[in-house]
Amino acid sequence: MAGVKITWLGHSAFLFEAEKKLLIDPFISGNPLAPCSPEELNPDIIAVTHGHSDHLGDTIEIGKRTGCRIISIHEVANYIKSKGVFAEGMNKGGTVSVEGIKLTMTEALHSSSIDASGFSFDGGCPAGFIIRINGHSIYHAGDTGVFGDMQLIGELYEPDIALLPIGDKFTMGIKEATKAVELIRPKIVIPMHYGTFDVISQDPFEFKKVVESKTNTKVTIMQPGQSIEL
C-alpha cells in the first residue's frame with residue numbers, strides 16, 4: 001500500500017493527499033477552527049456528505065476556482081450545478097471511481113436540507129463515504145446517529161480508519177459513537193464534528209478512554225491543521 005496523508009481542517013472537513021487530493025465537507029469560511037482559507041485548498045476532488053452549510057461549506061467557490069470534480073448525492077449535485085459548477089450525483093450503495101480514488105456512498109441518519117438554497121432545493125438524504133485510496137479503506141460517517149447497519153459497513157469495507165462525529169445534539173455523542181466503533185471495528189478512529197461551537201463541545205480524551213477500554217481500536221485525536229500519514 002502506498003502512502004496517504006490525512007489532514008483535519010476542523011469540524012468534519014478532511015483533506016486526503018496521495019497522487020490526487022480529495023477534500024471532504026470543506027466548511028472553511030465561518031469555521032472558527034479552520035487552519036487555512038478556502039483559497040489555499042486546491043483539491044482534485046470534493047466529496048460532500050449532505051447539504052447543511054457546515055458541510056457543503058465552500059464547495060461551490062472552490063469548485064469554480066479549481067474546476068475540480070465534485071461528488072455528492074443526486075439532489076445536492078443538482079443544487080451545485082444550478083450555481084454553474086459541474087457536480088456528479090450518486091446515491092447510497094453506489095460506487096464511483098474518480099482519479100483512481102473509489103468513493104462508495106453509505107447510509108447516515110441525519111437531515112440534509114440545503115441551507116444556502118433558502119430551502120428551495122431538495123437536499124435529498126445525508127450520507128457517509130467509504131474512501132478507497134492507495135489500498136486504504138477510510139470511512140467518513142458524515143453527520144449521523146449510530147445505526148445497526150454500521151456493522152455491515154465494517155464487514156463489507158473493512159475500514160482501516162473511521163472518522164466519526166462525537167459532538168452530540170446534532171450527531172452521535174460519546175456513548176453512541178463508542179457503540180459505532182464496536183460495530184465497525186476499525187483499526188483507528190478519529191473523532192470529528194465536535195468543539196467547533198459551544199453547542200457541540202465534547203471531550204475527545206473521554207471518548208478515547210472509553211473506546212480503548214472497550215475495544216481494540218486506537219483513538220487518534222487530531223488538532224485542526226494536523227496531519228497523519230498512513
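The values are calculated or read from the model by the stated rules, or taken from the named source; none is laboratory data. Bear in mind the structure is a predicted one, so any value in this text is a computation, not a measurement. Don't worry about glycine lacking a Cβ; one is built from the backbone with ideal geometry, like all the others, and counts go over all protein chains shown. Surface accessibility is based on the protein's heavy atoms, side chains included, excluding ligands, DNA and RNA. Shrake-Rupley method; radii C 1.70, N 1.55, O 1.52, S 1.80 Å.
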Evaluate the following for residue 45: is it closer than 21 Å to residue 139 by Cα, touching a Cys at 6+ places or on another chain (Cβ under 9 Å), among the aliphatic types (A, V, I, L, M) and touching a residue at least 24 places away in the same chain (Cβ under 8 Å)?
yes
Just to verify a result, which residue in segment 93-127, among those that are assigned to a loop (DSSP other than H, G, I, E, B) and open to solvent by 70 Å² or more (accessible area, probe 1.4 Å), is farthest from residue 151 (Cα to Cα)?
120
Please find, among 218, 175, 179, the residue that is more than 30 Å from residue 95 (Cβ to Cβ) and either of a type in the set (D, E, K, R) or modelled with pLDDT under 95 (or both).
175
Looking at segment 58-73, which of its residues are of a type outside the set (A, V, I, L, M, F, W, C), surrounded by 15 or more Cβ atoms within 10 Å (Cβ to Cβ) and more than 15 Å from residue 22 (Cα to Cα)?
61
Pairing a residue in segment 189-206 that is under 24 Å from residue 160 (Cα atoms) and of a type in the set (Ser, Thr, Tyr) with any residue that is modelled with pLDDT of 95 or more and outside any loop (DSSP other than H, G, I, E, B), where Cβ atoms lie under 6 Å and the two sit 6 or more apart in sequence or on different chains, gives 194/200
Collect the residues in segment 128-152 that are among the polar types (S, T, N, Q) and open to solvent by 20 Å² or more (accessible area, probe 1.4 Å), keeping them in residue-number order.
134, 151
Hits in segment 1-22 (condition: of a type in the set (A, V, I, L, M) and either closer than 15 Å to residue 44 by Cβ or at pLDDT below 95 (or both)):
1, 2, 4, 15, 18, 22
Suppose we filter 155, 206 for residues that are open to solvent by 60 Å² or more (accessible area, probe 1.4 Å) and either closer than 24 Å to residue 104 by Cα or among the hydroxyl-bearing types (Ser, Thr, Tyr) (or both); which single one remains?
155
I need the full set of residues from segment 1-27 which are under 18 Å from residue 57 (Cβ atoms), open to solvent by 10 Å² or more (accessible area, probe 1.4 Å) and out of contact with any His (no Cβ under 8 Å at 6 or more places or on another chain), in order please.
7, 15, 21
Does segment 130-140 include one or more residues that are free of Cβ contacts under 8 Å to residues at least 60 places away in the same chain and more than 16 Å from the chain's Cα centre (by Cα)?
no
Take segment 73-84 and flag every residue that is closer than 21 Å to residue 101 by Cα and either in contact (Cβ under 8 Å) with a residue 40 or more places away in the chain or out of contact with any Asp or Glu (no Cβ under 8 Å at 6 or more places or on another chain) (or both).
73, 74, 76
When residue 153 is run through (1) out of contact with any His (no Cβ under 7 Å at 6 or more places or on another chain); (2) assigned to a loop (DSSP other than H, G, I, E, B), the failure sits at (2)
Every residue from segment 209-227 that is assigned to a strand (DSSP E or B), surrounded by fewer than 16 Cβ atoms within 10 Å (Cβ to Cβ) and more than 16 Å from the chain's Cα centre (by Cα):
218
Looking at (1) modelled with pLDDT of 95 or more; (2) small (Gly, Ala, Ser); (3) crowded, with 22+ Cβ neighbours inside 10 Å; (4) over 15 Å from the mean Cα position of the chain (by Cα), which is the one condition that is false for residue 47?
(4)
Considering only segment 29-69, how many residues are outside any loop (DSSP other than H, G, I, E, B) and either of a type in the set (Gly, Ala, Ser) or touching a Lys or Arg at 6+ places or on another chain (Cβ under 9 Å) (or both)?
9
